[in-house]
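Comments concern the structure below.
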Amino acid sequence: MSGRSRKEVPSWREPLVDYIRSRGGRVTAPRLRVAEVFFGLQGHPGVEEVVQAVQRRWPQIGQATVYRTLHLLVDSGLVEARQFGDRFSRYEAVGSEHHDHLVCDCCGAIREFEDPGIEEAQRRIADAFGFRMTGHRMEIHGCCARCVARQTRPRSGA
């Protein structure tokens, strides 16, 4: 074996390429670049954040390509579009460990959390009703500690 390390292929690349090809689409460099940027972002970016991040690296990639690629990522099942009450979609990679969200209606911050007790309570409730749970989403809305300390009020529409 040589001393060279093999370049690691991102886990999203093969499923995305397979999905595009299965639909008779073209696997293009701009699509792959948008996906690469998206999967490198932290948190729950909105489309404008993704556009800005893509155009910082590749100014020639247009906004329409970013929008279409995000829709492609959602359609492929690799990404989920989420609404957190701020009137626009935010995007989150699918496949990470299950987690729930604390959503600040004052500043817009979103914090992920996990709580085994909540997960167990949900299973227990589903069982009590004879309900076969296939998934769930939990969002707790309010104002984060920083906004509470600043006495910031929730934004309109939140």
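Remarks
- Charged side chains reduced to their Cβ positions (Lys and Arg at +1, Asp and Glu at -1) give the range 58-143 a dipole of some 340 debye around its Cα centre.
- Pairwise label distance in nanometres, residue 118 with residue 98, each label 7 Å out on the Cα-Cβ vector: 1.2 nm
- Convex hull volume per residue in cubic angstrom - Cα atoms of the range 97-158: 108 Å³
- Given in Å, the Rg to one decimal and the Dmax to the nearest whole number for the Cα atoms of the chain are 19.2, 61.
- Tilt relative to the chain, helix 29-40 - C-alpha long axis, 0 to 90 degrees, to 10: 30 degrees
- Of the residues 95, 15, 63, the one whose Cα sits farthest towards the positive end of the charge dipole of the range 10-96 is 63 (charges of +1 on Lys and Arg Cβ, -1 on Asp and Glu Cβ, taken about the Cα centre).
- Degrees separating the helix 13-22 axis from the principal Cα axis of the chain, which is the longest one: 80 degrees
- Charge dipole (the range 97-158, unit charges on Cβ, about Cα centre) - positive-most of 118, 154, 131: 154
- Of all DSSP bridge pairs formed entirely within the chain, close to 70 percent run antiparallel.
- Which of 133, 138 has the fewest Cβ neighbours within 10 Å, and the rest in rising order: 133, 138
- For the chain, the longest principal axis of the alpha carbon atoms and the long axis of helix 47-57 meet at an angle near 40°.
Values in this text are rule-based calculations from the coordinates and carry no lab data. In this text the structure is predicted, and so the values were computed from the model without any measurement. Using ideal geometry, Cβ is built from the backbone for each residue, glycine included, and neighbour counts are taken over all protein chains shown.
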